[in-house]
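Inspection log for the structure reproduced underneath, given as structure tokens.
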Amino acid sequence: MHKPMSGTFRWAASRFPALWNPMKNEFPDLFEKAVFPWEVLSLLDKYIEEKLREVQGPWVRSPLPEGVHLEGPIFIGEDCRVEEGAFIRGPAWIGEGCEIRNGCYIRGSVLVGAGAVLGHASEFKHCLLLGKAQAPHFNYVGDSVLGWHAHIGAGVILSNFRLDGKPLKVHTLEPIERIDSGLAKMGALIGDECEIGCNSVLNPGTILGEKSVVFPLSLISGTWCAGSRIENESLHRP
């Protein structure tokens with residue numbers, strides 16, 4: 001099996017695009033353990049448990065209004081803004097300066113970097129948002145990674161389960177090869193500074209290299225190199 005290049009998370013030897021810059025990554029020890037980029041998801045539960053065990057002092061370090069529901073082990077860092085009506089089920093680790101809006105539903109195994117936005121009527125499950133990532137309105141983020149300063153527009157869905165229930169296979173870049181992910185559920189791996197337009201759907205196993213742009217109302221799948229501009233369904237990878 002290929003190993004990540006020393007000091008990077010680019011997986012170049014495995015023909016995957018640049019995704020997450022280690023210089024902007026708060027959780028490098030998690031990423032360094034992964035051979036392939038999707039293996040971050042398999043390591044996520046144990047990593048969150050370790051982060052929670054390391055907490056010293058108060059677990060909730062930001063003021064919470066009435067009407068916020070907390071359940072299970074949860075760390076919330078300083079200077080977070082948590083609005084009334086948010087539902088947070090642990091295990092969850094939320095960094096400082098995050099915004100958790102009204103109606104946000106966090107339902108376990110969620111790791112969030114500093115300054116991220118978890119939005120109104122959005123659901124988060126078994127996922128990682130790196131610093132300044134934004135999922136602000138009516139989103140589903142399951143079994144996925146959002147890179148640093150990545151943004152998904154209103155109504156964007158990161159689908160994480162094949163309709164036929166078959167095992168998820170992931171595509172490499174050229175030459176295209178299909179690799180068994182070993183995961184029953186996998187959403188999208190979205191690189192740093194990607195922009196996903198409103199009401200787009202990313203099919204299970206989609207990988208977007210850093211600084212890619214997906215235009216609104218797109219349906220996409222496959223693996224895309226850094227800086228891709230993806231306009232509509234006719235451009236998706238099979």
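Tell me, yes or no, whether region 162-169 has at least one residue that is basic (Lys, Arg) and without any contact (Cβ under 8 Å) to a residue 12 or more places away in the chain. Within region 162-169, one or more residues are basic (Lys, Arg) and without any contact (Cβ under 8 Å) to a residue 12 or more places away in the chain.
Of the residues examined, SER234 is one that is modelled with pLDDT under 95 and among the hydroxyl-bearing types (Ser, Thr, Tyr). Within region 181-200, identify whether any single residue is modelled with pLDDT under 95, assigned to a loop (DSSP other than H, G, I, E, B) and among the hydrophobic types (A, V, I, L, M, F, W, C), and answer yes or no. Checking region 181-200: at least one residue is modelled with pLDDT under 95, assigned to a loop (DSSP other than H, G, I, E, B) and among the hydrophobic types (A, V, I, L, M, F, W, C).
Note on region 204-225: residues that are in contact with a Leu (Cβ under 8 Å, 6 or more places away or on another chain), surrounded by fewer than 19 Cβ atoms within 10 Å (Cβ to Cβ) and either assigned to a strand (DSSP E or B) or modelled with pLDDT of 95 or more (or both) amount to 0.
On the basis of being surrounded by fewer than 22 Cβ atoms within 10 Å (Cβ to Cβ), within 30 Å of GLU39 (Cβ to Cβ), in contact with a Lys or Arg (Cβ under 9 Å, 6 or more places away or on another chain) and not basic (Lys, Arg), does GLU83 make the cut? Against the criterion (surrounded by fewer than 22 Cβ atoms within 10 Å (Cβ to Cβ), within 30 Å of GLU39 (Cβ to Cβ), in contact with a Lys or Arg (Cβ under 9 Å, 6 or more places away or on another chain) and not basic (Lys, Arg)), GLU83 does not qualify.
Results for (1) among the small types (Gly, Ala, Ser); (2) surrounded by 13 or more Cβ atoms within 10 Å (Cβ to Cβ); (3) at pLDDT 95 or above, shown as yes or no for each residue.
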site	(1), (2), (3)
PHE31	no, yes, no
VAL35	no, no, no
VAL60	no, yes, yes
PRO63	no, no, yes
LEU70	no, yes, yes
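Does ARG15 satisfy the condition of being basic (Lys, Arg), at positive phi and in contact (Cβ under 8 Å) with a residue 12 or more places away in the chain?
Working: basic (Lys, Arg): yes; at positive phi: yes; in contact (Cβ under 8 Å) with a residue 12 or more places away in the chain: yes.
Here the answer is yes, as ARG15 does meet what is asked.
Among the residues of region 187-202, those identified as touching a strand residue (DSSP E or B) at 6+ places or on another chain (Cβ under 8 Å), buried (at least 20 other Cβ atoms within 10 Å of the Cβ) and of a type outside the set (Gly, Ala, Ser) are LEU189, ILE190, CYS194, ILE196, VAL201, LEU202. If you go through region 15-31 and pick out every residue that is within 26 Å of ARG178 (Cβ to Cβ) and assigned to a loop (DSSP other than H, G, I, E, B), you end up with 6.
I'd like the full set of residues that are β-branched (Val, Ile, Thr) and either buried (at least 16 other Cβ atoms within 10 Å of the Cβ) or at pLDDT 95 or above (or both), limited to region 146-178. Across region 146-178, the qualifying residues are ILE152, VAL156, ILE157, VAL170, THR172.
The values are calculated or read from the model by the stated rules, or taken from the named source; none is laboratory data. This structure is a prediction, so every number in the text was calculated from the model and none was measured. Cβ: placed from backbone, ideal geometry, glycine included. Neighbour counts: every protein chain shown.
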